[in-house]
Structure formats: structure tokens, C-alpha cells
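Enquirer: Structure in C-alpha cells, see below.
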């Protein structure tokens, strides 16, 4: 397993998709900083980073598998590895580490932009309503990281199911920008079944904001702890289903 992980780290670090994802994150954050009014909310959201990180992760996660099949390098991987699970799980870990690095970079860039280029200074440590701006940013980025775990599992399952990277990316975009609205629409349409519908996978996206704004539980109908647990459970479930499809996929 250690050998597979090192091999995937080496391959991933030399693939352009990893660099492109990082550039997209940095560019979108800088763009939001210079084109939108800076508020406490925009700072706590990392200038849009909490929305872009899971989207970048979905794109990267699906791409690293689709490229293996497109270039037929998956054949060599399976030949060199004694068990398919090592290939699958090593890739999962690599993308998870990548999402963590994106989160750290988003945190540092948010601080840099707000401290060096912002005329309106915000005190990150002033406590208001029992919370401060720094804790809010950390909570939102933590939520984005947990949602990235969910997104990796979902991407791996979808790329094995539909075998088309573009379809997976489009699904990720729809999920990122309309998932919460669809989920709320379902719960409003069937109020008698909210106790069940609230656990739908579209509702998991609320975690990227609710950890810093517990009041959003009125929309998600899930507590922050329930959202954390549900995201992790969904991520594991999708990962397992994805592995089953990968294991039985013909090269």
C-alpha cells in the first residue's frame, strides 16, 4: 500500500491537472477579492474558496481515473499491483491530501489578501455573538474539507459508473450551485417526510457554511454534528460502491 501511495503521489505531482486546480482556486479568490465588496461573510467564506475547493476536487478526482483509462496506463498499474484496492485507495488518499493542501492555501491566501490589500481592516480575533472571524473562516474551511471527502467518494463512484469525465464535472457543478436549492425544494414540497428527506445527499452541501452559522440548520434540518457524520458516511458509501465498480470494470 505504501508503494502504491508513493507512486500515486509522484504521478499526481507531475500531472497538470493538480497545478490547474491550484491556479483556478487562487485566481477565483483574487478575482472575488478585487471585484466584490469585502464583508465579514466574504472573509469567512475565504473569498469563495469554500465553494471552489469541492468543485476543483470533483474535477481532479474524476480526471485522475479517466486519464488512466484513456492512456491505457491502468493496465500497467494493475500488473504492478497485487490488489486493485491498493490502486483505488491510494488515489483516494492522494486526492484527499490534495484537498487538504488546497484548504491550507485558501486559508493563508485569505489572511494575506485581507491584511495586505484591504483598506477596511477587520480584527480576526474580536469575539461577536460568541464567535470571531478567524474561527468562522476555519469552521467553513473545515466544512469544505469534509465536503471534499464526500465529493471524492462521489466522483470516484460516478467516473466508474458513467465513464465520462465531462459528465462527472457537470454533475459536480450542478451539485455545487443548485444542490442546496433542490434539497430545500424537496423538503418544502413534502413537509411530512422532512425527517427522511433531510438525509438526502444533496443536503450535504450545507456543511460548508453551517459549521460557522448554526442557524442554517433551519434550512438543512440537520445539526452540524449530523451533517459531519452524514458527509463522512456518504463519502465512505460512495467510495465502497466506486471500488466495487472499479473492481469489476473491464480494462
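No value in this document is a laboratory result; all are computed from the given coordinates. Since this is a predicted model, take the numbers as computed values, not measurements. Methodologically, a virtual Cβ is constructed for each residue, glycine included, from the backbone with ideal geometry; neighbour enumeration extends over all protein chains shown.
Enquirer: Against the longest alpha carbon principal axis of the chain, how many degrees, from 0 to 90 and to the nearest 10, is the axis of helix 49-70 turned?
Expert: Helix 49-70 sits roughly 10 degrees off the main axis of the chain.
Enquirer: Would you compute, from DSSP H runs of 4+ residues alone, the mean residue ellipticity of the chain at 222 nm, taking -39500 (n - 2.57) per run and dividing by the full residue count, rounded to the nearest 500?
Expert: Value at 222 nm, helices only, nearest 500: -25000 deg cm²/dmol.
Enquirer: Then there's this: How many nm separate the modelled label positions at residue 174 and residue 122, each set 7 Å beyond the Cα in the direction of the Cβ?
Expert: According to this spin-label approximation, the distance is 3.3 nm.
Enquirer: Related question: Could you tell me the relative contact order of region 1-106? Use alpha-carbon pairs under 8 Å, at least six residues apart, and round to a whole percent. Numbers along the way, then the final one.
Expert: Details: 59 pairs, mean separation 46.3, N = 106.
Worked out over region 1-106, it gives 44 percent.
Enquirer: Could you tell me the relative contact order of the chain? Use alpha-carbon pairs under 8 Å, at least six residues apart, and round to a whole percent. Walk me through the intermediate numbers first.
Expert: Working: 297 pairs, mean separation 63.8, N = 251.
For the chain, the relative contact order is 25 percent.
Enquirer: Relative to the longest principal axis of the C-alpha atoms of the chain, give the angle of the C-alpha long axis of helix 2-13, reported between 0 and 90° and rounded to the nearest 10°.
Expert: For helix 2-13, the angle is close to 60 degrees.
Enquirer: May I ask you to order 50-63, 14-27 by the average number of other C-beta atoms within 10 Å around their residues, highest value first? Mind showing how you got there, number by number?
Expert: Working: 50-63: 25.2, 14-27: 14.9.
Highest-to-lowest ranking by the protection proxy: 50-63, 14-27.
Enquirer: Could you order the peptides 31-37, 159-165, 206-212 from most to least packed, using the average number of other C-beta atoms within 10 Å per residue?
Expert: Answer by packing, highest mean first, reads 206-212, 159-165, 31-37.
Enquirer: Contour minus end-to-end for residue 163 and residue 40, with contour as 0.36 nm per residue of separation and end-to-end as the Cα-Cα distance?
Expert: Stretched fully, the residue 163-residue 40 segment lengthens by 40.1 nm.
Enquirer: Suppose the chain between residue 232 and residue 15 were pulled fully straight at 0.36 nm per residue; how much longer would it get relative to their current alpha carbon spacing? Kindly include the intermediate steps, with their values, before the conclusion.
Expert: Working: separation 217, 0.36 × 217 = 78.12 nm, distance 2.77 nm.
My answer for the length gained is 75.3 nm.
Enquirer: Using Cα atoms only, what is the angle between the long axis of helix 133-162 and the major principal axis of the chain, expressed in degrees (0 to 90) to the nearest 10?
Expert: Approximately 30 degrees, to the nearest 10.
Enquirer: Please compute the length gained on full extension between residue 70 and residue 248, using 0.36 nm multiplied by the number of residues separating them and subtracting their Cα-Cα distance.
Expert: 62.3 nm
Enquirer: Take each of the peptides 188-199, 144-155, 222-233, average the number of other beta-carbon atoms within 10 Å over its residues, and list them starting from the highest.
Expert: Taking the mean over residues of other Cβ atoms within 10 Å, the ranking is 144-155, 222-233, 188-199.
Enquirer: Once you place label points 7 Å from the Cα toward the Cβ at residue 24 and residue 225, how far apart are they in nm?
Expert: If labels sit at residue 24 and residue 225, their model points lie 3.6 nm apart.
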